[in-house]
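Structure record follows, encoded as structure tokens.
The values are calculated or read from the model by the stated rules, or taken from the named source; none is laboratory data. Keep in mind that what you see is a predicted model, and the values were worked out from it rather than measured. Note that each Cβ is placed from the backbone with ideal geometry, even for glycine, and that neighbours are counted across all protein chains shown. Areas reflect the complete protein model, heavy atoms only, side chains present, ligands, DNA and RNA absent. Shrake-Rupley method; radii C 1.70, N 1.55, O 1.52, S 1.80 Å.
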Amino acid sequence: MLCGIDEAGRGPIAGDLVMAGCILNSHIEGLNDSKKLTEKKREALYELIVKDSTYHVVKISPQAIDADGISLCIKRGLEEIIENLECEEYLFDGNSNFGVVGLPTMIKADGKVAEVSAASILAKVTHDRDILIEAKKYPEYQFEKHKGYGTALHVEMIKKHGYCDIHRRSYKLKALQATLF
């Protein structure tokens with residue numbers, strides 16, 4: 001048995017970092033790296049994964065990321081997943097285990113290993129659903145268009161409105177350095 005682990009939302013300047021661990025109970029057709037799937041396909045696969053797997057999702061707030069740094073937050077997320085999902089083997093997508101001793105990693109595992117693909121989908125769909133909820137609370141930022149990433153539109157909205165509660169203030173963008181208070 002294998003527990004695949006992946007994250008979504010490491011790069012955005014707003015919203016939670018979402019990490020997921022997943023143990024599949026049976027084969028699910030069509031799994032792949034969540035970034036290579038359409039939103040419609042991700043949503044359909046998400047429902048299948050939730051119904052036929054054991055999983056754990058961790059959400060790490062922008063405030064925790066600002067206070068402790070992204071690397072320590074990822075380490076804590078990995079540890080929480082391992083504590084909550086007992087398994088023979090674990091595999092984390094990427095090239096770093098963030099100091100979690102004995103945790104194997106694989107670059108592009110989210111496109112090669114079904115359990116990691118499933119974790120990728122769980123994390124991405126959770127992240128995107130959450131950011132759409134925030135878009136309703138903060139319509140002036142148009143989060144539904146950029147999902148919290150530092151796009152030109154998002155930077156312009158920050159310049160116009162300042163930061164809101166879901167922004168990661170520790171993420172420094174050159175485009176904002178001279179303009180923010």
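So if I check each of ILE28, ILE81, ILE49, which one is open to solvent by less than 20 Å² (accessible area, probe 1.4 Å) and assigned to a loop (DSSP other than H, G, I, E, B)?
Numbers: ILE81 fails: assigned to a loop (DSSP other than H, G, I, E, B); ILE49 fails: assigned to a loop (DSSP other than H, G, I, E, B).
That would be ILE28, the only listed residue that is open to solvent by less than 20 Å² (accessible area, probe 1.4 Å) and assigned to a loop (DSSP other than H, G, I, E, B).
Are any of the residues in segment 68-76 touching a Ser or Thr at 6+ places or on another chain (Cβ under 6 Å), part of a loop (DSSP other than H, G, I, E, B) and under 23 Å from ILE13 (Cα atoms)?
Of the residues in segment 68-76, the ones touching a Ser or Thr at 6+ places or on another chain (Cβ under 6 Å) are none.
Within segment 68-76, none of the residues are touching a Ser or Thr at 6+ places or on another chain (Cβ under 6 Å), part of a loop (DSSP other than H, G, I, E, B) and under 23 Å from ILE13 (Cα atoms).
Scan segment 120-153 for residues that are modelled with pLDDT under 95 and assigned to a helix (DSSP H, G or I) and jot them down.
Listed by number, the list holds a single entry, ALA152.
Looking for something in a helix (DSSP H, G or I), aliphatic (A, V, I, L, M) and out of contact with any helix residue (DSSP H, G or I) (no Cβ under 6 Å at 6 or more places or on another chain) - is there at least one such residue anywhere in segment 106-114? Lay out the reasoning, then the answer.
Within segment 106-114, the first condition is being in a helix (DSSP H, G or I), and the residues that meet it are 109-111, 114.
Of the ones still in play, those that are also aliphatic (A, V, I, L, M) are 109, 114.
In the following step, the residues that additionally are out of contact with any helix residue (DSSP H, G or I) (no Cβ under 6 Å at 6 or more places or on another chain) were identified as 114.
There is at least one residue in segment 106-114 that is in a helix (DSSP H, G or I), aliphatic (A, V, I, L, M) and out of contact with any helix residue (DSSP H, G or I) (no Cβ under 6 Å at 6 or more places or on another chain).
In segment 105-114, how many residues are open to solvent by 40 Å² or more (accessible area, probe 1.4 Å) and within 18 Å of HIS56 (Cα to Cα)?
Of the residues in segment 105-114, 1 are open to solvent by 40 Å² or more (accessible area, probe 1.4 Å) and within 18 Å of HIS56 (Cα to Cα).
For LYS59, are the conditions met, namely being assigned to a strand (DSSP E or B) and open to solvent by 50 Å² or more (accessible area, probe 1.4 Å)?
yes
Of the conditions (1) in a loop (DSSP other than H, G, I, E, B); (2) open to solvent by less than 30 Å² (accessible area, probe 1.4 Å); (3) of a type in the set (Gly, Ala, Ser), GLY99 satisfies every one except a single condition; which number is it?
(2)
Being open to solvent by 50 Å² or more (accessible area, probe 1.4 Å), of a type in the set (Val, Ile, Thr) and over 30 Å from ASN25 (Cβ atoms) is the requirement here; does THR54 meet it? Give the steps one after another, and end with the answer.
Details: open to solvent by 50 Å² or more (accessible area, probe 1.4 Å): yes; of a type in the set (Val, Ile, Thr): yes; over 30 Å from ASN25 (Cβ atoms): no.
No; evaluated as a whole, the condition is false for this residue.
Take the residues in segment 147-164 that are under 15 Å from GLY11 (Cα atoms) and in contact (Cβ under 8 Å) with a residue 40 or more places away in the chain, then tell me which one is most open to solvent (accessible area, probe 1.4 Å).
Checking each candidate, the answer is TYR149.
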